[in-house]
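What follows draws every value from the coordinates through simple rules; no lab data is involved. Computed from a predicted model, the values in this text were never measured in an experiment. Using ideal geometry, Cβ is built from the backbone for each residue, glycine included, and neighbour counts are taken over all protein chains shown.
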Amino acid sequence: MKSVGAPIDRLDAQKKVTGTATYAMDTEVTKVVHAVIVTSTIAKGSISALDATAAKREPGVLAVMSHLDAPKVMAGKGKAGGPSERILQLLQDPLILYADQPIAVVVADTLERAQHAASLLVVKYTAEAAVATIEQALGTATTPKALAHGKPDWSRGSVEVGLVQAKFKLEQTYTTPNENHNPMEPHGTIAVWHGDELTLYDSTQGIFGCRNRLSEVFGIAKEKVRVIDQFVGGGFGCKGTPWSHIALSAMAAKVVNRPVKLAITRPQMFSLVGHRPHTIQKIALGCDAEGKLTAVRHDVISETSRFDEFVEPSALQSRMLYECANISTTHKVVGIDAPTPTFMRAPGESSGTFAIESAIDELAFLAKIDPLEFRIRNYASSDPQGKPFSSKSLRQCYEAAAAKFGWAKRTPTPRSMRDGHELVGYGMATATYPANQQSASAKAIARPDGTFLVQAGTQDLGTGTYTVMTQIAADALEVPIERVRFELGDSLMPETPVSGGSMTVGSVGPAVRQACIALRGMMAIARAEDKAKDIVAEIKTELAKDHDLYSMHSFGAPFVEVRVDEDLGTIRVARVVAAYACGKILNPKTANNQFVGGITWGIGMALQEETVRDRRTGRNVTRDLADYHVPVHADIPTIDVISIDEEDLHVNAIGTKGIGEIGITGITGAIANAVFHATGKRVRDLPIRLDKLLG
C-alpha cells in the first residue's frame, strides 16, 4: 500500500502527548547554569553608567556581562548577510537602538538567583527623543535595497491611462498593525563549549542558518558549531532568524566556562525576536462597465529599524493575482527607533491580501457585480509578470467552496441578511502563496536487519515533517512505513534550508525520495558482497531545470459568514468554507491541520491581534498574552477545508507546493468583506473591533 496520500497519524504524536518529546530547553546537560537578559528602559540614547556591584555579590551569581566587560566578537552590532539575517546586539557598546534592547546578561547557578540579581542592576541613561511609529516619519520613507523575493518595485503598462479608461474607480488606504509571534514554546538556547567547539540546543526553524551565524560571530569554522533541535514548539517565522540571545548564551557560557541555559521570557519576545511590521497600503483600482480591471496600483509603506532593513512585501501578490494591462506596485520603508521586524506567517501575502482583496470587493460593489463573479471575470490564466503558471486550479477552488458554502443564497445589499438581532454577512476572497523551494540533501541507510534510517537536517515545527518524510521514504524504498525511521534536527546531518516559506516538504522531500531511490538501486549489489554492513546513499538535489520558466504559486478561496450583534457591535465568525490547490497532498490529516491553523490565525489577525507601541516612549504596551489577544476555542467556528489535488511536477519531483502559510492569506479580506456585507460599514484598518463599527 502506498504511504503518500494516506491520512497517517503523526509518528511523533505519542511523544508529544506523553511529554517525552525533547524540546531544546528540555535537554539534560550536566552542570548547566542559568542566564537572564536585562533589557533597556529607553528606546534611544546610550548607557551613561551601569553598576553591577550588588548583583555580583548575590549568592550563586557567576557573572554579570555588559558592554563594560563582554567578550569582543567578530560581529558586534554585526553585518547582516541578507534579508533573512538580522543585525545583532551583543553588548559591544553602550548605544541603545530600541526599547527592551539587551544591555546585560546575568548568570547564576539557579534561574531564580539570576532573575533576582538582574533586578539589582543600576543603570543610568542619556536618553534621546525616539521616533516610535512610521506616521511620525513618513517623510523619510525610502525604497529598500531588496526584498527576500523579487524587486521592490514592478509595473506594466500605465496605471494613469487605465484609471482614465475606467468606468468605476477606487482609491483607498488600508493599514495593518504591528503583530507579534507567540508560539507555545518561547525561544531558548543551551550553549555548551568543548574547547573551541560549540554545541547549541536551540529552538530554531533553521539549524544551519544558526550554525553559520554563530561561526561568523565567534570567528570559528562552521564545522566547530553544532546545532540540535529535534522538536520545535511553533515558530511562524520568528525562529527562522538567529537573534541576539543565541550568541549571548554562547558568550556567557564562554565567560563562566559552564553550559548556559537562556530562556526568553514572554514579554521579551515582544522586542527581541522580531514582529510583523505596521503597514500603510494605498490602493487604486479601476474597471470598465463589464467589471474588467483597467488599472491596479498597490503602494506599500512598512516600518523597519534604523540600524537594519526588513521589508514587508505586501504588494507581491497584486502583481500576479488578476489579469490587468496596467499594474504598478511599490514598496518603501521607514526607519524608526524600534526593533527590526521579521518574517511572520505568510509575510507580505497575509497583510497584502487583506488590502487588495478588500479593495477588489469594494470595486465590485461599486460596479454592482457579485464579488465572486468579479474575480472570475478578471481571472489571470498566466502570470501578468510574463510567465505561465506551473499549475493553477483557482477556478476549481472558487466553484467547490462557493457550492459548499451556499454563496448563491447571498443577497447583495448590505444589512439585508439577519437572524434575530444578529446581522449576517457573507464574504469571500482569493488566497495565494508562492511555491518556494531550495536545494537540499538527505541520507538513506539500509540496516542489516531490514530496517531503514533516513536523515535530513531539517526541522519539525509541529507541521508533521517527521511523518510526511517517513511516508515519502517508505514509498521510495518500496517498503512498509513501519520499517523506516526518519531523523532530523541536527546540523551533523545532511544540510537543508530553513523551515519557512512553506518550502520544507517541497525542498527536503525530493532529496529524501532521491536518496531512497539511490539506496534501493545499491542494495542488490551491496548485499551480495556483505550482508552485515550498512548501505548508505546520500544525495543533494538542485532545483528543476525549468524552475525559472514558470510562475509557481498555490491558490485558494476562503468563504466566510460573520454574525454582528446589532445592539452590541460584537463580531463573530460563524463558519468558514475554504478550498485550496497546493499541489499534491501527501497526508490529508496533517495538511488539514495546517490549513485550519492558518485560517485560525487569520481570524485572530482580522479581529484581535495588535501590538500597541507607546509613541512617546517607544515601548510596547502589549507585552504578554493577557494583553495581546489571540483566538481561543470559543472564537473559532466550524472550518470546512476542501483540498483540490493537483500534481505539479514543474515545481518538484513530488509535485507538492507547500501549505503552511496559504491558510492565513485571503481570510482577513474575506472577514472584512463579510463585515461590510453584514453592516454596511467598511473597516480598512485591522483589527476589526466593535469600536470601529460603532465609531
With DSSP loop assignment and no more than 14 other C-beta atoms within 10 Å, the trypsin sites (Lys or Arg not before Pro) in region 315-371 are LYS368
Contour minus Cα-Cα span, ARG447 to TYR379, at 0.36 nm per residue, comes to 19.2 nm
Expected sort for HIS331, HIS181, HIS116 with the fewest Cβ neighbours (10 Å cutoff) up front is HIS116, HIS181, HIS331
If N is the residue count of the chain, its Cα Rg over 2.2 N^0.38 Å rounds to 0.98
For LYS692, the aspartates and glutamates lying under 15 Å Cα to Cα, once residues fewer than eight places off in the same chain are dropped, come out as ASP565, GLU566, ASP567, GLU609, GLU610
If each part is reduced to its alpha-carbon centroid, region 215-231 and region 7-32 end up apart, in Å, by 22 Å
Along region 539-544, Karplus-curve 3J(HN,Hα) (6.51, -1.76, 1.60; θ = phi - 60°) to the nearest Hz, with x for Gly and Pro, reads 10, 10, 9, 10, 5, 4
What the 5 Å binned alpha carbon P(r) of region 233-315 shows, as percent of pairs per bin from 0, is 3, 10, 14, 15, 13, 11, 8, 7, 6, 4, 3, 2, 2, 1, 0
For the table LYS282/LYS681; LYS56/LYS254; LYS16/LYS222, the rows whose alpha-carbon distance is greater than 29 Å are LYS16/LYS222
Applying the span-like rule to the chain (DSSP H, Cα extent along axis at least 30 Å, Kyte-Doolittle mean at least 0.5) gives 504-529
Whole-number value, in Å³ per residue, for the convex hull of the alpha carbons of region 327-469 is 272 Å³
Once both label points are put 7 Å beyond Cα along the C-beta direction, the GLN438-ASP685 separation in nm becomes 3.8 nm
Expressed in angstrom and rounded, the centroid-to-centroid distance over alpha carbons for region 355-391 and region 528-562 is 30 Å
Relative contact order as a percentage, region 438-542, C-alpha pairs under 8 Å and 6+ apart, gives 43 percent
Rounded to one decimal in nm, the spacing of the 7 Å Cα→Cβ label points at GLN14 and GLN115 is 3.6 nm
Taking a straight Cα-to-Cα line shorter than 27 Å from LYS545, and setting aside same-chain lysines fewer than 8 residues away, one finds LYS151, LYS387, LYS392, LYS443, LYS584, LYS657
Contact order relative to length for the chain, counting C-alpha pairs under 8 Å separated by 6 or more residues, stands in percent at 17 percent
Computed curve, region 438-542, Cα-only Debye sum without solvent term, log₁₀ I(q)/I(0) at 0.19 Å⁻¹, is -0.84
Note: ASP534 to VAL164 extended length (0.36 nm per residue) minus current alpha-carbon separation gives 126.1 nm
Length gained, LEU543-ALA54, 0.36 nm per residue minus C-alpha separation, equals 170.3 nm
Relative contact order of region 568-674 (C-alpha contacts under 8 Å, at least 6 apart) in percent is 47 percent
The FRET efficiency for ASN257 and ALA524, from their Cβ-Cβ distance with R0 = 45 Å and rounded to 0.05, is 0.30
